[in-house]
Amino acid sequence: MNLAEGVQIVSFGILAAMMLGAAIGVVLLENIVYSAFLLGGVFISIAGIYLLLNADFVAAAQVLIYVGAVNVLILFAIMLVNKRQDFQPLRRGWIRKAATAVVCAGIFALLSTMIVSTPWAISTATPAGDASVVVIGLHFFSDFLLPFELASVLLLMALIGAVVLARREFLPDDEADRAQVEALRLPERPRELVPSGRDETVN
Amino acid sequence: MFVLSGYEYLLGFLLVCSLVPILALVASKVVRPSRRGPERRTTYESGMEPIGGAWIQFNIRYYMFALIFVIFDVETVFLYPWAVAFSRLGLLAFIEALIFIAILVVGLVYAWRKGALEWS
């Protein structure tokens, strides 16, 4: 075992430990914002494992899409609805917990048997390595040109759909008034003016 | 087999980066006075006095910026291979990428006209 392999194994161990720890934190932490940030940690660890697997474009896409976009959306969604409130404990909560545990254990068993029973064939072809992004780029502009351009149309549809949904132009009158009031209200209290010097004349 | 080269620098950066917060916290722990007083809990220098809790409900408008950001983030992923392979691709690919961007600029103009980008 030479140095490169050792570095690779140690990196894999650190990344796997980070990923598992963060994933357990996502599930177990009470504070949902911490969970969201730890989910970002899981995504970053997965990106690192992709790098170890010589998939640098997938790693870059993982960081850009999952850490940059999906996680930001999750955080925004949490902060939009995040009102501190005291939750009442559910009656007979243990039934729900038991049902969840059974379902999760079933999925775990199913995935485990699938992983064990699948004959994983290791390709003997040389990985593209650094050139993989160039290969993807060449494909984008030759035989995958139409899907590439269609992707931009899809993104355009998503953008316009988001704008249309988020800014509805036709609201019923009473709802419009309420919406205006909601939009104008600042999310914090107006602060009092505190005198800070001898020129201060504010009462 | 690990074939990606040039990641030694990334590894070095990661090591240094992980040392920075540890060293900063340890150094400040060593240097700082351990006296306790009312001054210690106030805002530093000319900082604002905090009002209310930090856990407030955000205005829904900020979600709009996040959504638009996500769209252009995905666009970046598509343009990344084009930028890396730029020297291998011809003028035609440049025009095709311009078409790709132009289609998305239509959406940006639409969002702009609808006032989705106004920070109010």
Only one of (1) within 21 Å of A:Leu73 (Cβ to Cβ); (2) exposed (fewer than 15 other Cβ atoms within 10 Å of the Cβ) is not met by A:Val26, so which one is it?
(2)
Only residues that are touching a residue at least 40 places away in the same chain (Cβ under 8 Å) and of a type in the set (S, T, N, Q): list them for the range A:1-33, please.
A:Gln8, A:Ser11
Condition (residue is under 30 Å from B:Val84 (Cα atoms) and in contact with a Ser or Thr (Cβ under 9 Å, 6 or more places away or on another chain)) applied to the range A:62-83: is it met by at least one residue?
yes
Suppose the filter is surrounded by fewer than 17 Cβ atoms within 10 Å (Cβ to Cβ) and under 22 Å from the mean Cα position of the chain (by Cα); does B:Phe94 pass it?
no
Working only within the range A:31-80, note down all residues that are touching a Leu at 6+ places or on another chain (Cβ under 8 Å) and more than 18 Å from A:Phe12 (Cα to Cα).
A:Val33, A:Ser35, A:Ala36, A:Phe37, A:Leu38, A:Asn71, A:Leu73, A:Ile74
Got at least one residue in the range A:112-131 being more than 9 Å from chain B (Cβ to nearest Cβ), surrounded by 10 or more Cβ atoms within 10 Å (Cβ to Cβ), in a helix (DSSP H, G or I) and modelled with pLDDT of 90 or more?
yes
Of all residues in the range A:132-152, which are out of contact with any Leu (no Cβ under 8 Å at 6 or more places or on another chain) and at the interface with another protein chain (Cβ under 7 Å from one of its Cβ atoms)?
A:Val133, A:Val134, A:Ile136, A:Phe140, A:Leu145, A:Phe148, A:Glu149, A:Ala151
For residues that are assigned to a loop (DSSP other than H, G, I, E, B) and either over 21 Å from A:Gly161 (Cα atoms) or in contact with a strand residue (DSSP E or B) (Cβ under 8 Å, 6 or more places away or on another chain) (or both), scanning just the range B:83-117, find the one that is farthest from the other protein chains (Cβ to nearest Cβ).
B:Gly90
Options A:Phe76, A:Phe57: the member that is closer than 25 Å to B:Arg61 by Cα and either touching a residue at least 40 places away in the same chain (Cβ under 8 Å) or within 10 Å of another protein chain (Cβ to nearest Cβ) (or both):
A:Phe76
Please determine, by comparing only the residues of the range B:6-42 that are in a loop (DSSP other than H, G, I, E, B) and over 26 Å from the mean Cα position of the chain (by Cα), which one is nearest to A:Ser132 (Cα to Cα).
B:Arg32
Please verify whether B:Glu45 is part of a loop (DSSP other than H, G, I, E, B) and in contact with a Ser or Thr (Cβ under 8 Å, 6 or more places away or on another chain), treating the condition exactly as stated.
no
Of everything in the range B:42-82 that's within 7 Å of chain A (Cβ to nearest Cβ) and among the small types (Gly, Ala, Ser), which residue is nearest to A:Ser142 (Cα to Cα)?
B:Ala66
Selected residue (only one of A:Phe37, A:Phe57 is aromatic (Phe, Trp, Tyr), under 30 Å from B:Val84 (Cα atoms) and not assigned by TED's automatic domain parsing to the domain that holds A:Ile136):
A:Phe57
For helices (runs of 4 or more DSSP H) lying entirely in the range A:1-93, having 1 or more residues that are under 25 Å from A:Ala131 (Cα atoms) picks out A:3-28, A:32-52, A:56-61
Can you name the residue in the range A:140-176 that is modelled with pLDDT under 70 and either assigned to a helix (DSSP H, G or I) or small (Gly, Ala, Ser) (or both) and is also surrounded by the most Cβ atoms within 10 Å (Cβ to Cβ) among such residues?
A:Ala176
List the number of the failed condition for A:Ser45; all other conditions in (1) within 11 Å of chain B (Cβ to nearest Cβ); (2) surrounded by 14 or more Cβ atoms within 10 Å (Cβ to Cβ) hold.
(1)
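The values are calculated or read from the model by the stated rules, or taken from the named source; none is laboratory data. Note that this is a predicted model, so its numbers are computed, not measured. Neighbour counts run over all protein chains shown; Cβ positions are idealised from the backbone, glycine included.
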